[in-house]
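Below is one structure; the comments refer to it alone.
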Amino acid sequence: MGDWEVRLTGSGGPGEQEILGIASLTRELVADGAALGWLQPPEVPEIRDLLVTITAGIPAGDAAMAVAVRFGAGGEERVAGFGYWRRHQRPTHRPHADLERLAVDPAAQGRGLGRTLLSTLIAAALRHRVEVLTLDLRGDNSAAAALYKKVGFHQYGRLENFVAVGDARYDRLLYALDLREFR
């Protein structure tokens with residue numbers, strides 16, 4: 001897997017170093033314009049609260065989170081990517097989950113890390129009997145769209161000019177992967 005390791009987060013949640021690493025990576029990506037849902041880089045407490053909320057759903061199979069760490073020359077770890085899905089809360093949608101975020105450090109992009117994170121999250125969804133995994137992304141994120149298509153997601157919708165970033169407008173692309181086909 002290169003110089004990184006992908007781990008599913010257990011019910012205890014990520015450790016403090018992973019939380020800080022995820023927060024740092026998220027802040028860097030958002031500052032550089034990544035389409036992760038924030039207009040400004042989120043503060044560490046906001047990321048910590050988000051991760052605690054996701055972690056709360058892990059024991060019941062209502063969420064899964066994967067973290068990729070990269071190893072430095074001295075053995076130190078640095079977060080190179082992360083992703084998570086959460087099960088839909090509406091009773092009629094409970095068999096399904098939404099991949100809410102998948103983020104990879106630009107220094108690790110193009111080397112298979114995004115695909116490894118995604119495959120890890122899909123495997124967790126299969127274990128928890130998720131039927132359909134959905135996601136949405138900003139229309140200008142062609143690298144992410146290509147990755148999702150490669151692993152079997154199909155586009156089922158587009159909301160034109162739905163995402164507002166200042167004066168700029170982007171389409172919101174809707175994708176789904178029917179996991180029932182893999183059982």
Exercise for review: Could you run the Karplus curve 6.51 cos²θ - 1.76 cosθ + 1.60 with θ = phi - 60° over segment 149-165 and give me ³J(HN,Hα) per residue in whole Hz, x for Gly and Pro?
Suggested key: 5, 4, 8, x, 5, 10, 7, 10, x, 8, 10, 5, 6, 7, 8, 10, 10
Check your understanding: For segment 34-102, what percent of Cα pairs sit more than 16 Å apart?
Key -> 60 percent
Revision key, fill the gap. Listed by chain and number, the residues whose amide H is under 5 Å from that of residue 105, excluding neighbours fewer than 5 places away on the same chain and using placed H, are 81
Review point. If each of residue 44 and residue 93 carries a label point 7 Å out from its Cα toward its Cβ, how far apart are those two points in nm?
Key: 3.3 nm
Review point. Using the Karplus equation 6.51 cos²θ - 1.76 cosθ + 1.60 (θ = phi - 60°), what ³J(HN,Hα) coupling, rounded to whole Hz, does each residue of segment 26-40 give in order, writing x for Gly and Pro?
Key: 4, 4, 4, 5, 5, 4, 8, x, 4, 8, 10, x, 10, 8, 10
Practice item. Compute the distance in nm between two label points, each set 7 Å from the Cα along the Cα-to-Cβ direction, one at residue 31 and one at residue 167. Key: 2.6 nm
Practice item. Mind checking which of 123, 104, 14 is farthest towards the positive end of segment 1-132's charge dipole, using Cβ charges of +1 (Lys, Arg) and -1 (Asp, Glu) about the Cα centre? Key: 123
**Study point:** Label-to-label distance, nm, for residues given as residue 17 and residue 119 (7 Å Cα→Cβ offset)
**Key:** 2.6 nm
Study note, to complete from the structure: If amide H atoms are modeled at 1.01 Å from N in the peptide plane, then the residues at a separation of 5 or more from residue 162, or on another chain, having amide H under 5 Å from its own are 170, 171, 172
Point to revise | the chain: C-alpha pair distances exceeding 31 Å, % | key: 12 percent
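Since every read-out is calculated from the coordinates, none of them should be taken as a lab result. Since the model is a prediction, treat every value here as computed from it, not as a measurement. Positions of Cβ are generated from backbone atoms using ideal geometry, with glycine treated the same way; all protein chains shown enter the neighbour counts.
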